[in-house]
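To keep things clear, I will list the structure first and then write my remarks on it.
All of the numbers you see were taken from the coordinates with simple rules; none came from a lab. Just so you know, these numbers come straight off a predicted model, no measurement behind them. Note: ideal-geometry Cβ built from the backbone for every residue, glycine included; neighbour counts use all protein chains shown.
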Amino acid sequence: MTDHYDALETRAPAEREADLFSRLPEVLRKAMAAPAYAERLKGIDPADITSRTALARLPVLRKADLPALHKKAPPFGGFVTEAPGSFGRLFTSPGPIFEPEPTHADPWRGARALYAAGFRPGDVVLNTFSYHLTPGGFIFDTSARALGCAVIPAGPGNTEAQFELIEAYRPLGYSGTPDFLKILLDAAASAGRDVSSIKRALVSGAAFPKSLQDEIKSRGVDAYQAFGTADLGLIAFETGAREGMVVNEGLILEIVRPGTGEAVADGDVGEIVVTSIDLHHPWIRLATGDLSAALLGASPCGRTNLRIKGWMGRADQTTKVKGMFVRPEQIAEIARRHPELGRLRLVVTREGEMDAMTLKAEAANPDAGLREAVTSTLRSVTKLSGTVTWVERGSLPNDGKIIADERG
């Protein structure tokens, strides 16, 4: 057995980039057959979109907007050409957002992630993600079966029944949240049940801090993390290198300034935006609302795709000040109007019984004229008054936070 799922994972980055963008025009044509994409991409010639620069000119589709769009044009907001009956399964996730599952093999792109975590054909996998209405359980179920594994569709909870299944089928692998894995291991130890067959795990859906990683490892389980969404499936996954997460094949991943479609500088934290090279159900610049940052350089595991640091928080930092919403894209607009500034952070506090806004701005050569101009722009863009304070270049944290609500 090799360390890699296939040769696609180790090809030269330039070869991968050329392949993705040579296929993108056809994917765009497929997407634009759906009315919502036809409207959003009106005037776009798919043949012209063959580079990241060209792709960045297309509008982002915010996942946060999908519930309203789906309600306006049920069930899929006009982003899918096929009727619901042409899909294999139909799901919902909070919002509500409605997700169809295509019928081709590995529709959620998870087999690679399982392989990187050490799963192999013939393994038995205990899948504890929920199979009820939301796609989580089926994302990992179909991915494991695409790899050639047998799956125990356990779902979450009911540890007594889980023990019976584990002792009977002796699964080598676990998929589910890291929290439930710990619950399962703790309950087994207390009840004297044998779950020692579980040696590896692919976890997602919850934080997996170092302390919990170490505890799970001490219990004899080698656990790896994956990052995904109910729309796209598995976007990136941890490998044996344990250095960030490798982006899945068949996806174009961008990291943009929250509230915009503009790329951040290499290594800066921003919002994950994904375009899927998938004719079955294409997504064009879907802004996930999740923050991450690129890791520069190649992974020691030999996979050559872009790496990200993993999930680093949420991009939607919208807050209400004096009864009005202030959004990250408004702060991004201030940055656009004043390119001489570095990072910006709007801090919202209370002064007496009133909301107060302070825009912290990195500036190399600040002066009174620039302060007056930025203050005026802040008022013009947000329709609220606030103060501007200068901070040294590089002093604001690289954490993707644009608005900090410190009112408690």
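A few comments on the model shown:
- Residue with peak Gaussian network fluctuation, the chain [Cα springs, cutoff 10 Å], from R350, R40, R120: R350
- Protection-proxy order for peptides 82-88, 341-347, 65-71, each taking the mean of Cβ atoms within 10 Å per residue, highest first: 341-347, 65-71, 82-88
- Among 357-369, 138-150, the order from most to least packed when residues are scored by Cβ within 10 Å on average: 138-150, 357-369
- Spin-label zone in the range 264-279 - amide nitrogen under 20 Å from a point set 7 Å from the Cα of E82 along the C-beta vector: 275-279
- Residue pairs exceeding 29 angstrom between C-alpha atoms, taken from K71/K210; K30/K72; K182/K320: K71/K210; K182/K320.
- GNM flexibility winner over the chain from E238, E167, E249 (Cα, springs under 10 Å): E167
- Each DSSP beta bridge with both residues in the chain is either parallel or antiparallel, and the antiparallel ones are about 60%.
- Neighbour-count order for V203, V27, fewest beta carbons within 10 angstrom listed first: V27, V203
- Å³ per residue enclosed by the Cα convex hull of the range 215-363: 178 Å³
- Evaluated over the chain, the Cα radius of gyration and Dmax, each in Å: 23.2, 75
- Local electrostatic count at T142 - Lys and Arg +1, Asp and Glu -1, tallied over other residues with Cβ under 12 Å: 0
- For the range 239-298 versus the range 44-71, the inter-centroid distance based on Cα atoms is 14 Å.
- Debye equation applied to the C-alpha atoms of the range 15-125, log10 I(q)/I(0) at 0.19, 0.21 Å⁻¹: -1.16, -1.23
- Excluding same-chain neighbours fewer than eight residues apart, the aspartates and glutamates reachable from K217 by a Cα-Cα span under 18 Å are D179, D186, D194, E238, E243.
- Legend: calculated FRET efficiency, A7 to E262, from the Cβ-Cβ distance at R0 = 35 Å, rounded to 0.05, equals 0.55.
- For the range 274-344, the mean projected area of the C-alpha convex hull, equal to one quarter of the hull surface, is 8.1 nm².
- Nearest 10 degrees, 0 to 90: helix 328-337 Cα axis against the chain principal axis: 50 degrees
- Each helix, a run of at least 4 DSSP H residues, gives -39500 (n - 2.57); summed and divided by the residues of the chain, these come to -8000 deg cm²/dmol at 222 nm.
- Between A206 and Y169, the modelled label-to-label distance comes to 2.1 nm, taking each label 7 Å out from Cα in the direction of the beta carbon.
- Among 91-98, 8-15, sorting by the average number of other beta carbon atoms lying within 10 angstrom of each residue, highest first, gives 91-98, 8-15.
- Degrees, to the nearest 10: 368-382 long Cα axis against longest axis of the chain: 60 degrees
- With R₀ fixed at 60 Å, the C-beta to C-beta distance from D48 to A191 puts the FRET efficiency at about 0.45.
- Debye-sum result for the range 131-198 in log10 I(q)/I(0), which assumes one identical scatterer on each alpha carbon, at q = 0.21, 0.25 Å⁻¹: -0.92, -1.23
- Estimated FRET transfer efficiency (A298, T92; beta-carbon r; R0 56 Å; 0.05): 0.90
- Solvent-free Debye scattering, log10 I(q)/I(0), computed from the Cα coordinates of the range 104-238 at q = 0.10 Å⁻¹: -0.27
- Rounded tilt (10° steps) of 159-169 against the dominant C-alpha axis of the chain: 50 degrees
- When the Cα convex hull of the range 319-405 is projected onto planes of every orientation, the mean area is 5.4 nm².
- Virtual spin-label span in nm between A38 and R336, 7 Å along Cα→Cβ: 2.8 nm
- Note on the chain: GNM, Cα springs under 10 Å; of M354, M245, M32, the largest mean-square fluctuation is that of M354.
- Taking all Cα pairs closer than 8 Å and separated by 6 or more residues, the relative contact order of the range 104-238 comes to 27 percent.
- Fully extending the segment from E17 to S385, taken as 0.36 nm per residue of separation minus the present Cα-Cα distance, adds 128.0 nm.
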